[in-house]
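Presented below is the structure to which this report refers.
The values are calculated or read from the model by the stated rules, or taken from the named source; none is laboratory data. These numbers come from a predicted model, not from an experiment. Quick reminder, even Gly has a Cβ in these numbers, built from the backbone with ideal geometry, and neighbours come from all protein chains shown.
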Amino acid sequence: MSVVGGDDQLPQRHARLVIDLCLRAGEAMPANGASAADVVATVLRISDAYGISAMHVDITFTSIMVSIHRGMNEDPMSVMRIARVRTTDYTRLHDVYLLIDEISGQDSPVDVDDARERLTSMLTSPHPYRRWVVTAGKAILASGVVVMFDVSFVLVLVAAASAIISDVITRRLAKWSVPGFFAQMAAAVATTSIAVFIFWLRSVGIELPGSNQPTVIVIAGIIMLLSGIGRSASARDAIDGYYVTATARGMEVLMLTLGLAVYRALYGFMDSEYAVTEALPAMVVALATGIGLAAGTTIGGFAARRTFGLDHQAMLAGRRTRGAR
């Protein structure tokens, strides 16, 4: 997205400070779960609040680049940042949005140096919840999934324990920089092994109280490991027209879902030799469902941005770009 025009005689220091602020905000947003359209609209809002209209924003899955055209007598300024860490952190994303609203919602915006310091403080501050709280939340989620199948309290506890084990495995492998595909498979193997162990006990005549439906453990594991948020973000970017970012996010989701498909196939081998082919339709259904849900959230987000004027600068940029062709 680009804004056609020029900022003649724009002070170099001011331009550098604004670019750095835009890059830091733009880097933080996709890394914490925002869509590409939201990132572009937000960066253009910041630049317009500080008096810079001739800005070009280029965003991909792992990087964001901002460029300013400073007229015919000055060299353009272009800077790129790499978003290495991607996670879903709505607390930080909410704080970033509040700061941006404060910058763009006043006649005289916050001093750019103060805004940079506040943004840095937000991005480096510790998370509001400890890690064990997140793990406990996943255990409760897995327990809630199996409760819907009207199973015994024993299987509820087993499902919660398998969710904790899966979370610990994926977090540890992420620290070791293991690719997400293999991390998903490793966590899936742990969950599957628990269900297989219960089946084995039953085969040798050892019946655990209330363990008559061990398949619900596998169902809870699928819910825990499914990349629902990433699939929705990929579909949103595709609908918004950011095809490079959408393709990259979609490929990431595909690799993680393939890990679950292998997981489902390994478990299915206990009942059928055609478990691999039986797992593929489930993967296609999961992808199609995610795309449909993402379409709904994208339409809602688009309507909200237009209603509240959150992407006004992005609209102006598109009109000026079309006018220059």
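Among the candidates Leu201, Leu157, Leu173, which residue alone is outside any loop (DSSP other than H, G, I, E, B), exposed (fewer than 15 other Cβ atoms within 10 Å of the Cβ), modelled with pLDDT of 85 or more and of a type outside the set (Phe, Trp, Tyr)? Outline the logic, then answer.
Values: Leu201 fails: modelled with pLDDT of 85 or more; Leu173 fails: exposed (fewer than 15 other Cβ atoms within 10 Å of the Cβ).
Among Leu201, Leu157, Leu173, only Leu157 is outside any loop (DSSP other than H, G, I, E, B), exposed (fewer than 15 other Cβ atoms within 10 Å of the Cβ), modelled with pLDDT of 85 or more and of a type outside the set (Phe, Trp, Tyr).
Among the candidates Phe149, Phe197, Phe182, the residue that is within 24 Å of the chain's Cα centre (by Cα) and in the same structural domain as Val216 (by TED's automatic domain parsing) is uniquely Phe182. If I filter region 222-238 down to residues being closer than 20 Å to Asp38 by Cα and modelled with pLDDT of 75 or more, which single residue comes out as surrounded by the most Cβ atoms within 10 Å (Cβ to Cβ)? If we take residues in region 222-238 being closer than 20 Å to Asp38 by Cα and modelled with pLDDT of 75 or more, then Ser234 is surrounded by the most Cβ atoms within 10 Å (Cβ to Cβ).
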